[in-house]
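Let me begin by presenting the structure, written as structure tokens, before commenting on it.
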Amino acid sequence: MTNHPVAGIHHAAYRCRDAKETVEWYARVLGMTYTTAFAEDHVPSTGEYDPYMHIFLDAGNGNIIAFFELPNQPEMGKDPNTPAWVQHIALRVPDMPALLAAKAHIEAQGVDVLGPTHHGIFQSIYFFDPNGHRLELAADIGTADQYAELARVAPLMLDEWSQTKKAPRHADWLHEIARAEHAAKG
């Protein structure tokens, strides 16, 4: 695509149970800065009455995560047909030392953390925010050659998946890298 109209993600918005609690948690646990709030009684795009608080947090590098508190709506729920590990917000950290420091800090805040999990070209930790949203912090560890190979096989994998609905094996080497590193740590 040569005339790509999208210049990036402006913000990603989710629902929260309590706007103040959410702002305080993201500041304390992830160091995010609370930047903006919109509060209305009527939804600007539809005009319907539905009071809300819309909060915005700076996730770094111009990336914004936002939340809506909707006190007049039924309590938040989850899609019962989607496993809890699927829907998540993945945030980048600069390197493995930062990932391990973040894990220690988050655990010190009383939050249960899973990982690090090795994905071949990045490692991640996983945990939940006070609203039940699953979060991931990821540190890229891959080489330029590995990313190039993944880009090369991506269309082949998608075509095979579309036809078979079985996991293509074009990138099995990612799992071998993870297994080898795990074995080396003993």
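Coordinate-derived values only; no laboratory data. Since we're looking at a predicted model, the values are computed, not measured. Heads up, the Cβs are rebuilt from the backbone with ideal geometry, glycines too, and the neighbour counts pull from every protein chain shown.
See the values below:
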| quantity | calculated |
| --- | --- |
| Burial ranking of peptide ranges 126-136, 88-98, 38-48 (average Cβ count within 10 Å, highest at the top) | 126-136, 88-98, 38-48 |
| Packing rank of 172-178, 77-83, where each peptide gets the mean count of other beta carbons within 10 Å, highest leading | 172-178, 77-83 |
| Two-decimal Rg to Rh for the chain - Kirkwood Rh, Cα set | 1.02 |
| Whole-angstrom gap from segment 70-120 to segment 13-56, using each part's C-alpha centre | 19 Å |
| ³J(HN,Hα) computed for each position of segment 3-11 - Karplus, 6.51 cos²θ - 1.76 cosθ + 1.60, integer Hz, glycine/proline x | 10, 6, x, 8, 9, x, 8, 5, 6 |
| Per-residue Cβ neighbour rank within 10 angstrom, fewest leading, T22, T36 | T36, T22 |
| Label-point separation, H170 to D58 (7 Å along Cα→Cβ), nm | 3.9 nm |
| Reachable lysines, given that their alpha-carbon falls under 19 Å from the alpha-carbon of K185 and they are not under 8 places away in the same chain | K103 |
| Over segment 144-185 - Rg/Rh using Cα atoms and the Kirkwood inverse-distance radius | 1.09 |
| Size of electric dipole in the chain: Cβ of Lys, Arg +1 and of Asp, Glu -1, about Cα centre, debye, nearest 20 | 500 debye |
| Amide H partners (placed H, <5 Å) of D50, local residues excluded | H42, V43 |
